[in-house]
Amino acid sequence: MGLSFSGSVFAQKKGGAQAKEEAALLKAQMQEAARQEELAQQRKIAEQNARQVLSSKEWAVYLNPTSGKGKAEVDTLVFTAEGQILAKNLSDKGYGQSNFQLKAQDDGSAAWETMQTDKDGNLAFLRGVLKGREISGTLSLQPVKGTAVSYSYTTIAPVAAVVPDVPAKEEKSKKNKK
């Protein structure tokens with residue numbers, strides 16, 4: 001009887017320690033889930049802020065060849081309120097406007113990327129990281145025939161938003177209505 005009594009006490013102690021371990025593990029898991037939820041919320045806010053910083057602005061970029069060969073080029077990136085991007089010089093070469101993906105990072109920055117094609121199937125990959133009011137990124141041109149060329153750039157946020165041009169007729173009719 002003494003043996004069975006001490007055995008049950010040992011089992012209770014062992015079970016009590018196991019229950020404490022399980023409770024501590026559950027508590028740690030709940031804390032981690034709360035931390036992940038808070039990070040997700042912070043990323044969502046950072047993404048909204050990034051879209052606002054990018055939206056309806058023209059960003060002048062100086063494209064420097066990553067190979068070190070060739071000359072720097074200038075282009076203008078235009079981010080629309082609808083979540084699209086247009087590179088003006090690429091557009092002049094037949095590349096279309098495209099949607100871009102934006103993902104907020106844990107450090108408060110936001111990474112975006114897009115792919116554009118022209119009528120011949122040539123590809124242009126645009127990527128950038130917005131941190132504060134500065135973007136650093138890359139442009140990679142991958143022609144169907146020929147050698148791929150990559151550029152890097154850094155730019156700061158423009159001061160004013162892009163205001164769409166209003167044709168003169170509409171402008172006059174607005175004045176007449178006043």
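The values are calculated or read from the model by the stated rules, or taken from the named source; none is laboratory data. Bear in mind that the values here come from a model prediction, so they are computed numbers and not experimental data. FYI the Cβ positions are ideal-geometry reconstructions off the backbone, even for glycines, and counts take in every protein chain you see. Accessible surface is based on the protein model in full, side chains and every heavy atom, while ligands, DNA and RNA are left aside. Shrake-Rupley method; radii C 1.70, N 1.55, O 1.52, S 1.80 Å.
Would you pick out the residues in the stretch 100-119 that are farther than 26 Å from LYS145 by Cβ and touching a Phe, Trp or Tyr at 6+ places or on another chain (Cβ under 8 Å)?
The answer is PHE100, GLN101, LEU102, LYS103, TRP112.
Return the residues of the stretch 52-99 that are closer than 17 Å to LYS131 by Cα and touching a Phe, Trp or Tyr at 6+ places or on another chain (Cβ under 7 Å); say none if nothing qualifies. Break it down stepwise before answering.
So in the stretch 52-99, the residues closer than 17 Å to LYS131 by Cα come out as 52-55, 57-61, 77, 79.
Of everything in the stretch 52-99, those that are closer than 17 Å to LYS131 by Cα and touching a Phe, Trp or Tyr at 6+ places or on another chain (Cβ under 7 Å) turn out to be LEU54, SER55, LYS57, VAL61, LEU77.
What is the residue count in the stretch 25-77 for residues that are in contact with a strand residue (DSSP E or B) (Cβ under 9 Å, 6 or more places away or on another chain) and at negative phi?
31
Which ones in the stretch 91-107 are open to solvent by less than 60 Å² (accessible area, probe 1.4 Å), closer than 16 Å to GLY137 by Cα and either outside any loop (DSSP other than H, G, I, E, B) or of a type in the set (Val, Ile, Thr) (or both)?
Listed by number, the residues that qualify are LEU102, ALA104.
I'd like the full set of residues that are under 14 Å from the mean Cα position of the chain (by Cα) and surrounded by fewer than 16 Cβ atoms within 10 Å (Cβ to Cβ), limited to the stretch 108-124.
Residue satisfying the conditions is GLY108 alone.
Scan LYS71, LYS27 and give me the residue that is farther than 27 Å from GLN101 by Cβ, part of a loop (DSSP other than H, G, I, E, B) and modelled with pLDDT of 85 or more.
Residue meeting the stated conditions: LYS71.
For the stretch 48-72, name all the residues that are closer than 14 Å to GLN84 by Cα and without any contact (Cβ under 8 Å) to a residue 12 or more places away in the chain.
GLN52
Report, ordered by the first and then the second residue, all pairs with beta carbons closer than 6 Å, sequence separation of six or more or different chains, a first member in the stretch 75-95 that is over 16 Å from TYR62 (Cα atoms), and a second member that is part of a helix (DSSP H, G or I).
Within 6 Å, the pairs are PHE79/LEU54.
Tell me which of these GLY83 doesn't satisfy, since it passes every other one: (1) within 17 Å of SER150 (Cα to Cα); (2) open to solvent by less than 50 Å² (accessible area, probe 1.4 Å); (3) of a type in the set (Gly, Ala, Ser).
(1)
Condition check ((1) part of a strand (DSSP E or B); (2) modelled with pLDDT under 95) across all residues:
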{"residue": "GLN31", "(1), (2)": "no, yes"}
{"residue": "ARG51", "(1), (2)": "no, yes"}
{"residue": "TRP59", "(1), (2)": "yes, yes"}
{"residue": "LEU139", "(1), (2)": "yes, no"}
